[in-house]
Amino acid sequence: MPTTDEIKRRIEAAVPQSTAEVEDWTGGGDHFRATVVSPAFDGLSRIQQHRLVYNVFGAEIGGPIHALSLTTRAPEQA
């Protein structure tokens, strides 16, 4: 089962110049909420921003990571 620290590290390693805050939403280790800020999101739609993050986890979404709720934005939107 992934941890909040592991999810944070993976997002920050994959999304350029990002900072991520991740919390275990339900305490069960499979529902997470993340806020991700990155200049890579500049000019992208919200759907495109979320896809960048979801692509980090691929098939894990819906599996070990049952749910990942995202808030994404570029730094000037933060």
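The values are calculated or read from the model by the stated rules, or taken from the named source; none is laboratory data. These figures come from a predicted structure and were not determined experimentally. Positions of Cβ are generated from backbone atoms using ideal geometry, with glycine treated the same way; all protein chains shown enter the neighbour counts. Heavy atoms of the whole protein, side chains included, go into the accessibility calculation; ligands, DNA and RNA do not. Shrake-Rupley method; radii C 1.70, N 1.55, O 1.52, S 1.80 Å.
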*When the range 44-74 is examined, which residues are found to be open to solvent by 50 Å² or more (accessible area, probe 1.4 Å), modelled with pLDDT under 95 and more than 15 Å from residue 3 (Cβ to Cβ)?*
59, 61, 62
*Could you tell me whether the range 4-11 includes any residue that is surrounded by fewer than 13 Cβ atoms within 10 Å (Cβ to Cβ), without any contact (Cβ under 8 Å) to a residue 40 or more places away in the chain and out of contact with any Cys (no Cβ under 7 Å at 6 or more places or on another chain)?*
yes
*asked:* Of the conditions (1) modelled with pLDDT under 95; (2) of a type in the set (Ser, Thr, Tyr); (3) surrounded by 15 or more Cβ atoms within 10 Å (Cβ to Cβ), residue 38 satisfies every one except a single condition; which number is it?
replied: (1)
